[in-house]
Amino acid sequence: MLTQKECEIIEAKLFAAREQQHRILDQGAIGGGDINETHKLITSSGQFFLKKNSASKFPGMFEAEDKGLGLLHQHSSCTVPRVVQRFEQNDVSYLLMDFLEVGNAKADFWEVFGQKLAQMHKQSQAGFGLDHNNFIGSLLQFNNSRSSWEAFFIEMRLEPMIRMAVDKGLIPKMDLPIFDKLFSLLRDFFPREAPAFLHGDLWNGNFSIGTDGYACLFDPAVYFGHREMDLGMSKLFGGFKSEFYMSYHNSYPLEAGWEKRIEIANLYPLLVHLNLFGGSYYAQVKENIKRFI
């Protein structure tokens, strides 16, 4: 539960942002995982969603999320929560957003979701990357620009996660040659395409059904990359409905073999999960690589 002092600070922040008095009438904790503590706030003038975490343990995390949500607003036609205020108090970071009410899916939910993601992926820029680093989960995600997808994928995605896993003892040093072999084979593996604006962490837990019956996106790890990264992540933990992929393909056709290529694309989220949770993820990493090489 939030303290009375925290509630007073939040009420003042809401007034400063909206120029309207917001008195907190009720609050309820929502499961936020290992990183964030989350709350639903019911006020006299609307409902809000609050995240809080350690400012010293996760410096810059909410700033990056704020920027990511802004970029999602800019590049996607899906509903995205708007940030009301971001602030720190006594080594605690706060991110205050409008609360997204959950609705019932329309009959064409998955088709429209696929179309909207395809349109988002058509938003592009000159190089692969982003003008700032951000986070995937609690891990720093590097976005230094590269002119080719292969260079970005290896240098900004795979290598940092591999180094971290080796340092943690999660990947034996004796296994490093298989990654070198993988890197040598990646040239021209992915289709040559313009950088696509990506959600970056697109799985079942990072979208919901809005009151209009269509998809809401949140918890981004955005950057400009290869669009098969988002599609791969969407299939990693159960996958979306088949109508989603058919609609996406009809809106922005994928080159043949994409369903096999996403096994390599998914090495990045698998390595992220290996570094976050350990366990059996390395077995899946090795299996995907061995099938490829």
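The values are calculated or read from the model by the stated rules, or taken from the named source; none is laboratory data. Remember, it's a predicted structure, so these values are computed and weren't measured experimentally. Cβ sites come from the backbone with ideal geometry, for glycine too, and all protein chains shown count toward neighbours.
Listed here are the residues, each with its yes/no results for (1) in contact with a helix residue (DSSP H, G or I) (Cβ under 7 Å, 6 or more places away or on another chain); (2) among the small types (Gly, Ala, Ser); (3) farther than 25 Å from PHE207 by Cα; (4) surrounded by 14 or more Cβ atoms within 10 Å (Cβ to Cβ).
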residue: GLU6; (1), (2), (3), (4): no, no, yes, yes
residue: GLU11; (1), (2), (3), (4): no, no, yes, yes
residue: GLN20; (1), (2), (3), (4): no, no, yes, no
residue: LYS57; (1), (2), (3), (4): no, no, yes, no
residue: PHE62; (1), (2), (3), (4): no, no, no, yes
residue: PRO81; (1), (2), (3), (4): yes, no, no, yes
residue: ASN104; (1), (2), (3), (4): no, no, no, no
residue: ALA107; (1), (2), (3), (4): no, yes, no, no
residue: LYS116; (1), (2), (3), (4): no, no, no, yes
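Looking at segment 35-52 only, could you name the residues that are closer than 30 Å to HIS121 by Cβ and buried (at least 20 other Cβ atoms within 10 Å of the Cβ)? Scanning segment 35-52 gives ASN36, LYS51.
Any residue at all in segment 252-265 that is surrounded by 13 or more Cβ atoms within 10 Å (Cβ to Cβ), closer than 22 Å to ILE162 by Cβ and among the basic types (Lys, Arg)? Walk me through it before giving the result.
Filtering segment 252-265 down to residues surrounded by 13 or more Cβ atoms within 10 Å (Cβ to Cβ) leaves 252, 254, 258-259, 261-265.
Among the residues that remain, those that are also closer than 22 Å to ILE162 by Cβ are: 261-265.
From what's left, among the basic types (Lys, Arg): 261.
There is at least one residue in segment 252-265 that is surrounded by 13 or more Cβ atoms within 10 Å (Cβ to Cβ), closer than 22 Å to ILE162 by Cβ and among the basic types (Lys, Arg).
Evaluate segment 189-198: report whether one residue or more is at pLDDT 95 or above, over 19 Å from PRO269 (Cα atoms) and loosely packed, with under 12 Cβ neighbours inside 10 Å. Checking segment 189-198: at least one residue is at pLDDT 95 or above, over 19 Å from PRO269 (Cα atoms) and loosely packed, with under 12 Cβ neighbours inside 10 Å.
Which of the following residues is under 30 Å from LYS40 (Cβ atoms), in contact with a strand residue (DSSP E or B) (Cβ under 7 Å, 6 or more places away or on another chain) and either without any contact (Cβ under 8 Å) to a residue 12 or more places away in the chain or not in a strand (DSSP E or B) (or both): VAL102, VAL112? Even if it seems obvious, please write down each step before you answer.
Values: VAL112 fails: in contact with a strand residue (DSSP E or B) (Cβ under 7 Å, 6 or more places away or on another chain).
VAL102 is the lone residue from the list that is under 30 Å from LYS40 (Cβ atoms), in contact with a strand residue (DSSP E or B) (Cβ under 7 Å, 6 or more places away or on another chain) and either without any contact (Cβ under 8 Å) to a residue 12 or more places away in the chain or not in a strand (DSSP E or B) (or both).
Would you say MET229 is at pLDDT 95 or above, closer than 16 Å to SER76 by Cβ and either hydrophobic (A, V, I, L, M, F, W, C) or surrounded by 14 or more Cβ atoms within 10 Å (Cβ to Cβ) (or both)?
On the way: at pLDDT 95 or above: yes; closer than 16 Å to SER76 by Cβ: yes; either hydrophobic (A, V, I, L, M, F, W, C) or surrounded by 14 or more Cβ atoms within 10 Å (Cβ to Cβ) (or both): yes.
When the stated conditions are applied, MET229 passes them.
One residue stands out in segment 118-137 among those that are part of a loop (DSSP other than H, G, I, E, B) and in contact with a strand residue (DSSP E or B) (Cβ under 8 Å, 6 or more places away or on another chain): the one that is surrounded by the most Cβ atoms within 10 Å (Cβ to Cβ), namely LEU130.
Can you name the residue in segment 88-99 that is assigned to a strand (DSSP E or B) and surrounded by fewer than 16 Cβ atoms within 10 Å (Cβ to Cβ) and is also farthest from the chain's Cα centre (by Cα) among such residues? Across segment 88-99, the extreme among qualifying residues is GLN89. Just one of the numbered conditions (1) touching a helix residue (DSSP H, G or I) at 6+ places or on another chain (Cβ under 6 Å); (2) in a helix (DSSP H, G or I) is not true of ALA151: (1).
For LEU276, the requirement of being closer than 29 Å to HIS132 by Cβ, crowded, with 21+ Cβ neighbours inside 10 Å and in contact (Cβ under 8 Å) with a residue 60 or more places away in the chain is not met.
Conditions (1) more than 21 Å from LYS116 (Cβ to Cβ); (2) within 12 Å of the chain's Cα centre (by Cα); (3) not aliphatic (A, V, I, L, M), marked per residue:
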| site | (1), (2), (3) |
| --- | --- |
| ALA196 | no, no, no |
| VAL222 | no, yes, no |
| ASN250 | no, no, yes |
| ILE262 | no, no, no |
| ILE289 | yes, no, no |
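Condition test on GLU101, is it among the charged types (D, E, K, R) and at pLDDT 95 or above? Reasoning before the result, please.
Values: among the charged types (D, E, K, R): yes; at pLDDT 95 or above: no.
Spelling it out, it is not the case that GLU101 is among the charged types (D, E, K, R) and at pLDDT 95 or above.
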